[in-house]
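The values are calculated or read from the model by the stated rules, or taken from the named source; none is laboratory data. Bear in mind the structure is a predicted one, so any value in this text is a computation, not a measurement. Quick reminder, even Gly has a Cβ in these numbers, built from the backbone with ideal geometry, and neighbours come from all protein chains shown.
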Amino acid sequence: MSIALTSPVMMILGGVWALLALATAVVWWLAPAPESELRQRIRSWWLIVALCSLALAFSRAAALVFFGLVSFLALKEYLTLIPTRQTDRRVLFWAYLSIPVQYFWIGIEWYGMFIIFIPVYLFLLLPVAMVLSGETQGYLRAAGTLHWGLMSMVFSLSHLAYLLVLPEGEYPQVSGPGLVLFLLLLTELNDVAQYCWGKLLGKHKISPTVSPNKTVEGFVGGVLTTVPLAALLAPWLTPFSVLDSLLAGALIAVAGFFGDLSLSALKRDLGIKDSGNLLPGHGGILDRVDSLTYTAPLFFHFTRYYYF
Amino acid sequence: MGYAALRWLFFLLIVKPFLLLAVGVNVRRRDRLPAAGPALIVANHNSHLDALVLMALLPLWLLPRLRPVASADYFLSNRWRAWFATRVIGIIPVTAGGGCSHADVLGPVRDALAAGDIVIFFPEGTRGEPERLGKLKTGIVWLVQQVPNLPIYPVRLHGLGKVLPKGDWLPVPFFCDAWVGEPLRWRGDRRQFLTALAASLGG
């Protein structure tokens, strides 16, 4: 089951490591304090890049386990943040168990089950488990918040992993890890580009009540960085035509922005700043995968509809 | 010492991986914890996992010196549980209540401290409501007076009562926190000591 790594994936991964080395040098020069947030953030980036590279380069099974773990940590962080009812302990346990099952469908390439397991079966069955406990106080809130978490952290993020098993035959130069790398790289670079453009030129707040740091300039700068980058990377990693690669870049930039905002709204609602402290300098894991919960399913269906 | 090896393996292969993956304990100020005994680690108590978490906070090579104080009524209630609790975990069983003097109840704990062990002690006496500090019992005051200059390390635990609450056997994953507070010492004032201790345990 090992993934035949096409050399473009290796070369681009090499480029990512070089870029990170460069960013490290710049940040070390910009932020001399050893425990500054920027330095912590770079250190966490090294960890993220190393783990993603390993997962993508090793084998399909390793990549599925890795993305399953990311879903698990994200769901755990989400369920730690939101209020849950003690009567739902067993329901939450089943919700966690759905993660290996969802990634198992991907492993056996059962698309039909992968796409309905959470939105249909768990949507109906977990509330049944809640009803059987007999507690009606807070029922809608419990069922609704749990399903939102499963859809975002498990269903949406697992689309990233389904990209691994998409290409079969039609495009011999395109590999699953290549598509994953394309999506991951553009989503994260879009986040970074939005942040940098916002810091440099940001003036007009785009959504002051949800996330005061987001500006029109940051958002536009992100789109204008991500779209050409998508066109540059697409011939190496994807089967996209030039027009489609521009569209994919725009889709990732806009979707990533709203994924980020959606999680910011959640944090505002709960009255917290960071979702956790798993990744020093970033916050929790939700602070890192927020954009992906939007870009992964949207990019996946764009790719699947037009090419597979 | 076959049991020392068993305890070491139990923590290395089961407790540590479980706490890392299923729970995820975020520890703040681990550097404040003791490197050697005698020492008393005290914490708020909501879950059977509390003692395991506290034991796992310290390096593996200190395991033979770690002794959690636990209720004899519960942990010695059947042969297997008693074997596991006293041999593998290394608890000091105590029987609370019933008009006994502190010396009768906590004598073995004092002896362990005198022998240089690191004792883990829950001053509430029992597991309470999650995230609510119960009233601290007087046993702790008696105990810290027995060993001169005993350093006391308060650790505030949060979230473990959600992972494995009282009366349930199925652990459910949540992230948890452990805050190691400023070490305390007995200065002769009972009320001041209890207030400071309760404050550092989140009371």
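Read through the list (1) free of Cβ contacts under 8 Å to residues at least 60 places away in the same chain; (2) under 21 Å from the mean Cα position of the chain (by Cα); (3) in a helix (DSSP H, G or I); (4) more than 15 Å from A:M153 (Cα to Cα), then give the number of the only condition that A:E109 fails.
That leaves (3) as the condition not met.
Among the residues of region A:51-88 satisfying the criterion of being of a type in the set (K, R) and in a helix (DSSP H, G or I), which is farthest from the other protein chains (Cβ to nearest Cβ)?
Taking region A:51-88 and keeping what is of a type in the set (K, R), we get A:60, A:76, A:85.
After this cut, where a residue has to be in a helix (DSSP H, G or I) as well, the list is A:60, A:76.
On the way: A:R60: 22, A:K76: 5 Å.
Only one residue fits best here, namely A:R60.
Take A:Y96 and tell me if it is within 14 Å of chain B (Cβ to nearest Cβ), aromatic (F, W, Y) and closer than 23 Å to A:S262 by Cβ. Can you show your working first?
On the way: within 14 Å of chain B (Cβ to nearest Cβ): yes; aromatic (F, W, Y): yes; closer than 23 Å to A:S262 by Cβ: yes.
So A:Y96 passes the test.
Tally the residues that are buried (at least 21 other Cβ atoms within 10 Å of the Cβ) and among the basic types (K, R), restricting the search to region B:170-188.
Count: 0.
Just to check your reading of the model, which residue among B:A22, B:A51 is outside any loop (DSSP other than H, G, I, E, B) and buried (at least 19 other Cβ atoms within 10 Å of the Cβ)?
Exactly one of B:A22, B:A51 is outside any loop (DSSP other than H, G, I, E, B) and buried (at least 19 other Cβ atoms within 10 Å of the Cβ), namely B:A51.
Going residue by residue through region A:113-131, is there one that turns out to be within 23 Å of A:G276 (Cα to Cα), of a type outside the set (S, T, N, Q), assigned to a helix (DSSP H, G or I) and within 14 Å of chain B (Cβ to nearest Cβ)?
Looking only at region A:113-131, we keep the residues that are within 23 Å of A:G276 (Cα to Cα), and these are none.
The answer is no, given that none of the residues of region A:113-131 is within 23 Å of A:G276 (Cα to Cα), of a type outside the set (S, T, N, Q), assigned to a helix (DSSP H, G or I) and within 14 Å of chain B (Cβ to nearest Cβ).
Got a sec? Which of A:A50, A:A18 is surrounded by fewer than 15 Cβ atoms within 10 Å (Cβ to Cβ), more than 30 Å from A:R268 (Cα to Cα) and under 20 Å from the mean Cα position of the chain (by Cα)?
Numbers: A:A18 fails: under 20 Å from the mean Cα position of the chain (by Cα).
The conditions single out A:A50.
Could you tell me which residue of region B:158-186 is farthest from A:G284 (Cα to Cα), considering only residues that are in contact with a Ser or Thr (Cβ under 9 Å, 6 or more places away or on another chain) and more than 14 Å from chain A (Cβ to nearest Cβ)?
B:L184
A:M153 versus (1) touching an Asp or Glu at 6+ places or on another chain (Cβ under 9 Å); (2) part of a loop (DSSP other than H, G, I, E, B); (3) surrounded by 19 or more Cβ atoms within 10 Å (Cβ to Cβ): which is the lone unmet condition?
A:M153 satisfies every listed condition except (2).
For the condition of a type in the set (G, A, S), touching a Pro at 6+ places or on another chain (Cβ under 7 Å) and under 30 Å from A:P172 (Cβ atoms), what is the one hit in A:G68, A:G107, A:G14? Give the steps one after another, and end with the answer.
Numbers: A:G107 fails: touching a Pro at 6+ places or on another chain (Cβ under 7 Å); A:G14 fails: touching a Pro at 6+ places or on another chain (Cβ under 7 Å).
Checking each option against the conditions leaves just A:G68.
Could you list, in sequence order, the residues of region A:264-308 that are at pLDDT below 85 and either touching a helix residue (DSSP H, G or I) at 6+ places or on another chain (Cβ under 8 Å) or among the polar types (S, T, N, Q) (or both)?
Those that are at pLDDT below 85 and either touching a helix residue (DSSP H, G or I) at 6+ places or on another chain (Cβ under 8 Å) or among the polar types (S, T, N, Q) (or both): A:K273, A:D274, A:S275, A:G276, A:N277, A:L278, A:L279, A:P280, A:G281, A:H282.
Which residue pairs have Cβ atoms closer than 8 Å, lie 6 or more positions apart in sequence or on different chains, and pair a first residue in region A:165-183 that is in a loop (DSSP other than H, G, I, E, B) with a second residue that is aromatic (F, W, Y) and modelled with pLDDT under 75?
Short answer, once both residue conditions are applied: none.
Any chance you could count how many residues in region A:202-227 are within 22 Å of A:L163 (Cα to Cα) and exposed (fewer than 15 other Cβ atoms within 10 Å of the Cβ)?
Of all residues in region A:202-227, those within 22 Å of A:L163 (Cα to Cα) come to A:226-227.
Restricting the remaining residues to those that are exposed (fewer than 15 other Cβ atoms within 10 Å of the Cβ) gives none.
Residues flagged as within 22 Å of A:L163 (Cα to Cα) and exposed (fewer than 15 other Cβ atoms within 10 Å of the Cβ) within region A:202-227 amount to 0.
Being in contact with a Pro (Cβ under 7 Å, 6 or more places away or on another chain) and hydrophobic (A, V, I, L, M, F, W, C) is the filter here, so list the residues in region A:157-178 that pass it. If you could, list the steps in order and put the result at the bottom.
First, pick out the residues of region A:157-178 that are in contact with a Pro (Cβ under 7 Å, 6 or more places away or on another chain): A:159, A:164, A:171, A:174-176, A:178.
Within region A:157-178, A:L164, A:V174 meet the criteria.
I'd like to check something: does region A:34-50 contain any residue that is in contact (Cβ under 8 Å) with a residue 60 or more places away in the chain and either within 11 Å of chain B (Cβ to nearest Cβ) or outside any helix (DSSP H, G or I) (or both)?
Here is the first cut: in region A:34-50, the ones in contact (Cβ under 8 Å) with a residue 60 or more places away in the chain are A:37-44, A:47-48.
Still in the list and also either within 11 Å of chain B (Cβ to nearest Cβ) or outside any helix (DSSP H, G or I) (or both): none.
No; the residues of region A:34-50 include none that is in contact (Cβ under 8 Å) with a residue 60 or more places away in the chain and either within 11 Å of chain B (Cβ to nearest Cβ) or outside any helix (DSSP H, G or I) (or both).
Somewhere in region A:132-143, is a residue assigned to a helix (DSSP H, G or I), in contact with a helix residue (DSSP H, G or I) (Cβ under 7 Å, 6 or more places away or on another chain), surrounded by fewer than 18 Cβ atoms within 10 Å (Cβ to Cβ) and small (G, A, S)?
no
What residue, of A:L146, A:L179, A:L186, is aliphatic (A, V, I, L, M) and over 17 Å from A:Y307 (Cβ atoms)? Please lay out each step first, then the result.
Numbers: A:L179 fails: over 17 Å from A:Y307 (Cβ atoms); A:L186 fails: over 17 Å from A:Y307 (Cβ atoms).
Unique residue meeting the criteria: A:L146.
Working carefully through the options A:V101, A:V91, find the one that is part of a helix (DSSP H, G or I), within 14 Å of chain B (Cβ to nearest Cβ) and more than 17 Å from the chain's Cα centre (by Cα). Full working, then the answer.
Numbers: A:V101 fails: within 14 Å of chain B (Cβ to nearest Cβ).
Every option except A:V91 fails the conditions.
Looking only at region A:268-306, which residues are assigned to a helix (DSSP H, G or I), in contact with an Asp or Glu (Cβ under 8 Å, 6 or more places away or on another chain) and farther than 20 Å from A:N190 by Cα?
If the condition is that a residue be assigned to a helix (DSSP H, G or I), in contact with an Asp or Glu (Cβ under 8 Å, 6 or more places away or on another chain) and farther than 20 Å from A:N190 by Cα, then A:Y306 is the only one that fits.
Within region B:138-169, count every residue that is part of a loop (DSSP other than H, G, I, E, B) and either crowded, with 17+ Cβ neighbours inside 10 Å or in contact with a strand residue (DSSP E or B) (Cβ under 7 Å, 6 or more places away or on another chain) (or both).
6
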